[in-house]
Structure formats: C-alpha cells, structure tokens
Amino acid sequence: MSMLKVDDINVYYGNIHAIKGISFEVNEGEIVTLIGANGAGKSTTLNTVAGLLKPTTGNVEFEGSSLLGVPAHKIVNKGMALCPEGRRIFLQLSVQENLEMGAYTRSSAEVADLIASVYERFPRLKERYKQVAGTLSGGEQQMLAMGRALMSKPKLMMLDEPSMGLAPILVEKIFQIIEELNKAGTTILLVEQNAQMALSIAHRSYVLETGRIVNSGTGEELLHNDAVRKAYLGG
Amino acid sequence: MLNYLINGISLGSVYAIIALGYTMVYGIAKMLNFAHGDVIMVGGYVAFCTTSYLGWPVIPAVLLSIFVCMVLGIVIERLAYKPLRAATSLAVLITAIGVSYFLQNVALLIWTSNPKVFPNMVTLPSLVIGDLQISSVALVTIIACIIIMIVLTLFTNKTKMGKAMRAVSEDKDAAQLMGINVNATISLTFAIGSGLAAIAGVLLCSAYPTLMPTTGSMPGIKAFTAAVFGGIGSIPGAMLGGILLGIIEIFGKAYISTQLSDAIVFSVLIIILLVKPTGLLGKKVNEKV
C-alpha cells in the first residue's frame, strides 16, 4: 500500500500556476526522489505535502487519510516531517533547543531519549549542544536540520535539497546518512538538484519540468535514460 | 538627588513593563502595536470602575483588569492584525494607529473626557531610610518590574512554550513544520503583552492619579521609545531602555526644565539611534545561508 499518495494536485502562487496536475506515490520503505531543474516545482510539491501550501485542486493522502484542510502544524503529528530547503534551523536557538522544537509534539518523557539518539547519529551536534545554531558550519547546520526532523520520529521524512551548498565530501556523508535512515525503517521522499547522487540511492524517481512530471522510473532506469542524462547529468 | 534617582527608576519601571509588551509583540509579529498604550488606559479604567464603583478590593480588581486586557489583546490581534499578516508593514502600522484611536474614542463614549481621580492602589506606608523616603507605589513598581523581568526571562528560555515563541519569532513556516501552532503562539504573546499593560496601567495611575481616555498614549509612545532605545525585540533591552528613559526624564525635569523633559527624552533616542541603530542591546543577526 502506498504511504503517501499525491493525486493530481494544482498549486498556485498568486497568479503563477506552479504545479500543474502532479500525481505520484511513495510506498512504505522506499527512497523516492523528485529531480528537476530550478523552478520545476520540486520544493512547492514538498511544501504542499507538508501543508505549508494549499493545493487548489487535487488530493494528498497519507496512510489512507486525506490531508486536505489539515493545518501544517497538525501534519507532523501524523508521522511526516519535512527538512526544508535552506535548512531553516532556528539560528538564535541553541543546538539542543532546535532539537527540542523538533520534538514539540512528542511527550516530554520521550524527548531525552530522542535527543540521545540524534546525538548518537550526529556526534558533532552533541559537542556543540549549547552553541547557538547560527554559529554552526553549513554541514553542521544540515545535520541539525535533519536531526531536528528526526526528533518527531517520522515514518516519512521529506528532505528538500539537503546537499545544497555543501562540499562534495559532506554531500556524500549526507547521502550516506539518508540511506542509513532508510535502512533503519524511515521512508524517504527526497528532492535534489544533484540528480546523479539522488538517482544512485533512489528506489524510484520522478522527473519534474515546469510543474509537470515528465518521466519516472527506478533510479537505475533514469540514470541510463538518454533524455534524463542530457538534461540533468551533463550528457 | 537619590530621591530623583528612585523616582526615575520607578517611572522607568513602568515604561519597562509597557516596553516589554511592545518588544514581545514586535519580536513575534514583526509589527509595532501602537494600540498598546491604549490597552494601559483600558486596564486603568477597569481597575478604577471595579474599586471605585463596585467597591472591590485591590487584588481582585487588578486581576480582573489583567484578564480584561489579555482578552482585549487577543481580540485586537484576531480582528485587526491577523487578516493583515501578509500585508505590507505600512498597512499594519496604520491599522494599529486606527485601533488606538478606536479604543480612545470608545473610552470617551463610556467614561467621558472628565478626568477620573484614580485611587492609590498601593496603600502601604512609605519606606524611610534616613533622609530618603521611598513611596510604597515606587517600591511596588520597582519590585513588580524585577519580578516580571525574571519570570519572562525564565519563561522564554526554559519553558517549552517560551522556546516555541522564540522559534515562531524567527521562522513561522519552520515553526509550523515542528508542529507549533503559530496562531495560538501569537495570541499568547498578545495576551502576555496586554496583561503587562494592565499592570502598568494600575501602577502608572497609582503614581499619577488622573485617568482620561488619552492617559495611555504618552506613556505608550515613551515605552515604545524605550523599547527601540534598548533594542527592539530584546527583553532585557526593553527593561534597560525603560529604566534609563525614566531616569533621564526625571533628571531632565529636575535639573534642566520641566517643559523640555519630553524633548530631552526623545533627543536621547535620536542620538542613540544615530550611534547604534540597533539600540543598546539589539543584536545584529549574522545569518548564514
């Protein structure tokens, strides 16, 4: 059964028709990626699933129940977390406070255990737990953003451009962590401009172009698809 | 000299309590709530009516006044500011000024323009140390200010709700993704700010016992100045700005000129902003993108 089902959604920014009838599914246990150029509508799609934007038409279902009309702050409780584009950590809060905010909907009894498990995955964050998040390096901020999203114990974790602005070695590390999370049972919906990396870890993938899905298949298939190679993988 | 200092700190404490409301609302809603001063006046009238007309004792009267102002704050935000959350800041500013005039005129209709003589709510003996005589109102004001400062600092730094408030003030979308109800958090901020305004109203009217529909506007503007002076958005800044402003005003009145004291206060603001545009404790946030 599909965990997340996006059914023919249309999303507008004012007069701009950003998403033109997108449908896709994410099954439990998968890594699904959305790839495409800047402005293709990848982030808009994730923000719509997370409830920050409302589709004009169409439906988003999570584990069989519709998310239409559910306010964004109630969606995280259903088992879905978004690690947003540009990380959007709380720069003036400490590392630990950022993690606490990630567990906002969890009971206070769980928080200590959740924080411990995030520190285990990201020891760097533990070293800096008291530091104000704005003073972290880009890579550390990305780890904090991911750790913060994990604090809600999501069944589905959505990541928007986690490799943006990071050195190649850190990009590899981030993708390695995403695969580890998936192996540990978290379903992943990943948006990336780094198509090569994204396709190499994806079970399935969708290609977006100006608000529409123009291609889909397994990561392997798309890596060898001529049109995709030309457009996104540099030949 | 010392007496002036105490009076200055006491007046400054009232400004500081009002400035906290400005600064918290600014921090979270990124708007200057110019109707905040008029909430003080409403708080004063509620306390006045319950004690003078209904004969209530002081403490329940003050509590009711706080409650009424909290509700008023939430209602103002919901009706006037929430629909404008996506609007330009100028539209919100003009709306706030409109709300301010609305409150003043409603008060004019209900209580007329005749000044009411506000009963002193702090009926304790003065504290006398040698030559120094500190009125109980001044003492209670200063103590109230210190307690409020400590409680608010602990609230925003230690409690889950306070941290959520800081998160909302920084990034509303990201806060929603955490599961934080942004609307409820904004309402809570308005409620706290307006509750503080009620306390300030009672303390202010106890020290300066004339109550009119325009009573709140001048202290409101001065407290706004204090908040900017200290660094708007900063809680310790509001406190420091308020107290310094009170001291400057009283000393200006005592040693320079009674008429010019307001001009002196605002000149100091202009000078501070020229030298340090973020205010005394305002932080320039370096953001890494």
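Kindly indicate the residue of the stretch A:126-150 that is away from chain B (no Cβ under 12 Å) and farther than 20 Å from residue B:160 by Cβ and also surrounded by the fewest Cβ atoms within 10 Å (Cβ to Cβ) among those meeting that condition.
The residue in question is A:127.
From the residues in the stretch A:1-31 that are in a strand (DSSP E or B) and small (Gly, Ala, Ser), which one is farthest from residue A:48 (Cα to Cα)?
Restricting to residues being in a strand (DSSP E or B) and small (Gly, Ala, Ser), the top hit is A:2.
Taking the stretch B:155-175 on its own, how many of its residues are at the interface with another protein chain (Cβ under 7 Å from one of its Cβ atoms) and outside any helix (DSSP H, G or I)?
Summing the residues that are at the interface with another protein chain (Cβ under 7 Å from one of its Cβ atoms) and outside any helix (DSSP H, G or I) in the stretch B:155-175 gives 1.
Going through the stretch A:187-230 one residue at a time, which ones are assigned to a strand (DSSP E or B) and hydroxyl-bearing (Ser, Thr, Tyr)?
Within the stretch A:187-230, A:187, A:205, A:206, A:216, A:218 meet the criteria.
Exactly one condition in (1) under 24 Å from residue B:167 (Cα atoms); (2) part of a helix (DSSP H, G or I); (3) in contact (Cβ under 8 Å) with a residue 40 or more places away in the chain is false for residue B:83; which is it?
It is condition (3) that residue B:83 fails.
When you check residue B:178 against the structure, is it surrounded by 16 or more Cβ atoms within 10 Å (Cβ to Cβ) and facing chain A (nearest Cβ under 10 Å), yes or no?
Against the criterion (surrounded by 16 or more Cβ atoms within 10 Å (Cβ to Cβ) and facing chain A (nearest Cβ under 10 Å)), residue B:178 qualifies.
Looking at the stretch A:1-10 only, could you name the residues that are out of contact with any Phe, Trp or Tyr (no Cβ under 6 Å at 6 or more places or on another chain) and crowded, with 23+ Cβ neighbours inside 10 Å?
A:9
Does the stretch B:149-160 include one or more residues that are charged (D, E, K, R), farther than 27 Å from residue B:79 by Cα and free of Cβ contacts under 8 Å to residues at least 24 places away in the same chain?
yes
Yes or no, residue by residue, for (1) over 14 Å from the mean Cα position of the chain (by Cα); (2) closer than 30 Å to residue B:256 by Cα; (3) surrounded by fewer than 16 Cβ atoms within 10 Å (Cβ to Cβ):
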| site | (1), (2), (3) |
| --- | --- |
| B:2 | yes, yes, yes |
| B:16 | no, yes, no |
| B:19 | no, yes, no |
| B:26 | no, no, no |
| B:29 | yes, no, no |
| B:53 | yes, no, yes |
| B:63 | yes, no, yes |
| B:99 | yes, no, no |
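Give just the number: which of (1) assigned to a helix (DSSP H, G or I); (2) surrounded by fewer than 18 Cβ atoms within 10 Å (Cβ to Cβ) does residue A:68 not satisfy?
Here residue A:68 clears every test but (1).
Quick one: which residue in B:268, B:275, B:289 is within 14 Å of chain A (Cβ to nearest Cβ), at pLDDT below 90 and farther than 28 Å from residue B:46 by Cβ?
Criteria check complete, one pass: B:289.
Just to be sure, is residue B:250 at pLDDT 90 or above, surrounded by fewer than 22 Cβ atoms within 10 Å (Cβ to Cβ) and assigned to a helix (DSSP H, G or I)?
Here the answer is yes, as residue B:250 does meet what is asked.
The values are calculated or read from the model by the stated rules, or taken from the named source; none is laboratory data. Keep in mind it's a predicted model, so treat the numbers as computed, not measured. Every residue, glycine among them, receives a Cβ derived from its backbone with ideal geometry; neighbour counts consider all protein chains shown.
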